[in-house]
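Contents: one structure, followed by commentary.
Only the coordinates and a few stated rules stand behind these numbers; no lab work does. Since the model is a prediction, treat every value here as computed from it, not as a measurement. Neighbour counts are summed over all protein chains in view; Cβ atoms, including those assigned to glycine, are modelled from backbone coordinates with ideal geometry.
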Amino acid sequence: MIETVSGHRPNLAVKLEGNDIGLVNWARKMKERNTEMEMLDVNIPREEGLKEESVREYVHIACMCTGELQKDRPEMPE
């Protein structure tokens, strides 16, 4: 999900404040800073139908799905 929204490959580091970090950690930091819209792949059109609230929810779910412990990840029915 993070790859889809950001357009970044999971095996390549992402720059944040001059440092290389992994994709999941980058996404979590962007979420913490409420900068989810800045994560969007440049190829995703910024149209009227694209709602910031929806992007935030998508990133929230994506970050939950990457929890290190199974108990921290949502179950499929959720």
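Multiplying the sequence separation of Arg9 and Asp72 by 0.36 nm and subtracting their Cα-Cα distance, what value in nm do you get?
Working: separation 63, 0.36 × 63 = 22.68 nm, distance 2.37 nm.
Roughly 20.3 nm would be gained on extension.
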Practice problem: Can you bin the chain into rounded, prolate or oblate? Criterion: square roots of the alpha carbon gyration tensor eigenvalues sorted a ≥ b ≥ c, rounded for a/c under 1.5, prolate for a/b above b/c, oblate for the rest. | Solution: oblate
Quiz item: Between Glu57 and Lys31, how many nm apart are label points set 7 Å from Cα along the C-beta direction?
Solution: 1.5
Exercise. Excluding residues fewer than 8 places away in the same chain, name every one of the lysines whose C-alpha is closer than 26 Å to that of Lys71.
Key: Lys29, Lys31
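Fully extended, how many nm does the chain gain between Cys65 and Ile44 (0.36 nm per residue separation, minus their Cα-Cα distance)? Walk me through the numbers before you get to the answer.
Numbers: separation 21, 0.36 × 21 = 7.56 nm, distance 2.20 nm.
So the chain would gain 5.4 nm between Cys65 and Ile44.
Once you mark the trypsin sites (Lys or Arg not before Pro) that are in a DSSP loop and have at most 15 other Cβ atoms within 10 Å, what is the longest gap between them in the chain? Before the final figure, lay out the partial values.
Values: sites that count: Arg33, Arg46, Lys51.
Free of exposed loop sites, the longest segment is 1-32.
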